[in-house]
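Working notes for the structure below.
Here, each number is a calculation from the coordinates, and none is a lab measurement. Only a predicted model underlies this, so the values are computations on that prediction, with no experimental measurement involved. Backbone-built Cβ (ideal geometry, glycine too); neighbour counts: all protein chains shown.
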């Protein structure tokens with residue numbers, strides 16, 4: 001089990017696993033640090049932070065990342081003092097812990113890239129950690145404190161018997177790493193017992209055959225030794241006893257299920273006397289059974305699985321449609337029932353596979369408390385962040401794109417939304433501002449709300465600024481909602497001065513652009529003097545879409561169901577023609593602009609007049625409504641999204657494509673681009689011919 005026995009491929013795999021675990025631990029570390037508050041004793045949180053740092057240190061030690069190990073050791077030393085109540089989590093200590101988390105993450109990134117960090121990197125933070133340690137311990141060196149033992153008066157010896165269970169290896173723990181960690185405490189002598197090792201034919205790779213008897217001479221307390229085995233104490237047999245009281249014994253003499261835990265009690269047995277852990281009432285087997293198990297799978301494999309299930313859904317739809325179009329004959333009803341059952345099972349399979357890609361938004365939300373704390377401190381404001389719905393799940397690809405928009409929105413809420421303390425008091429409000437960040441599932445979408453109790457949007461000031469910047473003409477008479485939408489204009493800012501927080505005109509336009517790229521939209525509601533609420537409406541996944549299939553001439557298009565408000569067949573008198581070739585429809589007193597899909601995409605033999613077809617009323621991200629003129633509605637269907645960019649070329653006004661049950665390609669309409677496309681010269685509809693007459697025909701030929 002020595003390191004020399006590992007091949008280069010195995011070592012590379014171990015490193016990859018280590019860095020994957022580091023990524024998970026660092027996310028949890030950041031979340032836990034963000035939840036801490038000065039002068040509170042969050043023992044559970046501190047324990048979790050300590051475990052994360054300790055795990056990173058232990059893994060780094062196995063690969064001889066000395067700089068990372070040294071910093072993590074100092075970091076965990078202060079954490080150990082804090083969780084024991086020997087140091088106080090005050091206004092000086094908390095920022096230091098957060099900075100230490102940043103340094104730890106940066107060091108992990110450095111060694112992941114195969115580089116060596118400069119000796120001076122993080123030295124200021126490490127010095128601050130040691131200074132806080134000195135203040136907590138009266139000048140003691142920063143080493144983990146004993147939780148139950150008094151400091152030893154001098155070097156002493158311990159006899160350690162360590163026999164791993166097979167569970168230890170199944171959980172990817174390695175005795176070699178534990179022994180290396182033990183050697184850092186003093187002088188270690190090791191004897192390995194191989195008596196249980198079978199011949200090669202009887203060897204099982206998942207069994208534990210070796211055990212060790214070790215003699216350690218150290219000036220550290222016994223608790224420091226037990227701490228080395230802290231994470232495997234339920235997966236091994238372990239004896240730790242003072243050397244003076246030890247007697248000669250072989251590992252076979254070790255009693256069954258002997259473990260060491262912090263809450264140890266002395267149990268008299270035949271010589272020698274062994275300290276045993278107080279047993280868990282539910283027993284070891286039941287305790288392990290309650291632990292959720294998981295595996296780590298590369299995202300590329302999950303993506304391939306999702307794609308294959310999507311192909312299965314398409315094939316099932318094609319078979320069902322072919323069956324319906326043919327004469328079913330005798331026994332057709334039973335076959336039809338079989339197709340219906342297959343459709344249900346296929347849909348369930350698709351949902352199960354999509355659930356594998358789902359992750360809670362907690363990983364993104366966890367970054368926001370720290371952001372609020374840092375930005376509010378720079379601005380001299382006191383702002384509290386409340387969060388709810390952190391366990392709401394969304395597709396991993398969507399999660400990765402949410403970080404920047406949420407960061408901009410939270411910064412905007414702290415800077416522009418929340419007033420200064422003096423202004424809030426003058427307005428009769430609490431001196432402390434509040435931002436509420438929440439997430440919830442609604443249909444096939446996730447709604448993320450960022451709501452503040454600040455001053456709200458000053459529409460008069462906003463409009464005046466927009467006129468000064470030439471964004472709005474001086475004669476314009478926009479509605480209140482249209483004025484609110486001005487904050488999404490590129491390069492627009494109401495900040496009086498540029499600071500390192502805001503004022504550069506880069507922010508909310510980035511939010512809208514990123515959310516639109518995800519197939520979502522942004523809504524804003526504001527009340528002057530009371531606050532503002534932004535809502536992100538985002539699809540749960542970018543792999544499937546609930547859509548409405550519409551017919552335009554001989555073509556079929558997909559309109560995203562989440563954008564559809566209603567569909568109507570207008571009367572001739574509801575339609576008005578405007579100069580420039582535009583048409584509007586009067587719908588319950590509101591004039592809505594009409595966009596003909598046939599004209600936008602050049603589809604022949606389509607309905608020309610709106611009153612001869614249907615108008616599908618859809619809502620764009622900015623809240624405005626347009627009427628999409630189509631021939632007829634075919635029906636609602638969940639479709640598998642295929643990227644045009646990957647399979648063909650990007651097409652303006654089209655966000656993707658799907659394959660229908662008849663094998664034809666249907667294009668998914670990009671609602672956000674329709675108005676812009678309708679403003680350009682319309683393509684001339686192609687004549688009726690047997691040649692490819694549309695993009696869908698070209699795509700079919702490509703396929």
With bins of 10 Å, the percent of all Cα-Cα pairs of region 73-131 per bin from 0 is 22, 50, 22, 5
Full extension between residue 397 and residue 638 adds, at 0.36 nm per residue less the Cα distance, a length in nm of 84.8 nm
A student applying the Cα gyration tensor rule (rounded when a/c is under 1.5; otherwise prolate if a/b is larger than b/c, oblate if not) would label region 331-389 prolate
If 96, 192, 22, 352 are placed from fewest to most neighbouring beta carbons inside 10 Å, the sequence is 352, 192, 96, 22
Under Stokes-Einstein, region 360-539 at 25 °C and 0.890 mPa s, with its Kirkwood radius over C-alpha pairs, diffuses with a coefficient in µm²/s of 146 µm²/s
Rg from C-alpha atoms of region 557-597, normalised by the globular rule of thumb 2.2 N^0.38 Å, equals 1.29
Exposure proxy check on 590, 21: fewest-to-most Cβ neighbours within 10 Å is 590, 21
Dividing the mean separation of Cα pairs under 8 Å (6+ apart) by the residue count of region 300-357 yields a relative contact order in percent of 65 percent
Taking only the alpha-carbon atoms of region 296-449, the convex hull volume per residue, in cubic angstrom, is 149 Å³
Once residue 578 and residue 42 are pulled to full extension, the length gained, defined as 0.36 nm per residue separation minus their Cα-Cα distance, is 186.3 nm
Applying the gyration tensor rule to the Cα atoms of region 3-137 (axes a ≥ b ≥ c; rounded if a/c under 1.5, else prolate if a/b exceeds b/c, else oblate), the class is prolate
For 582, 39, ascending order of other Cβ atoms within 10 Å (fewest first) is 39, 582
Expressed in nanometres to one decimal, the distance between label points 7 Å along Cα→Cβ at residue 230 and residue 109 is 2.7 nm
For region 300-357, shape from the Cα gyration tensor axes a ≥ b ≥ c, cut at a/c of 1.5 then a/b versus b/c, turns out prolate
Output row, site residue 102, 7 Å Cα→C-beta label point, backbone N cut-off 13 Å, window region 510-525, residues none
Note to self: C-alpha centroids of region 423-486 and region 561-622 sit apart, in Å, by 31 Å
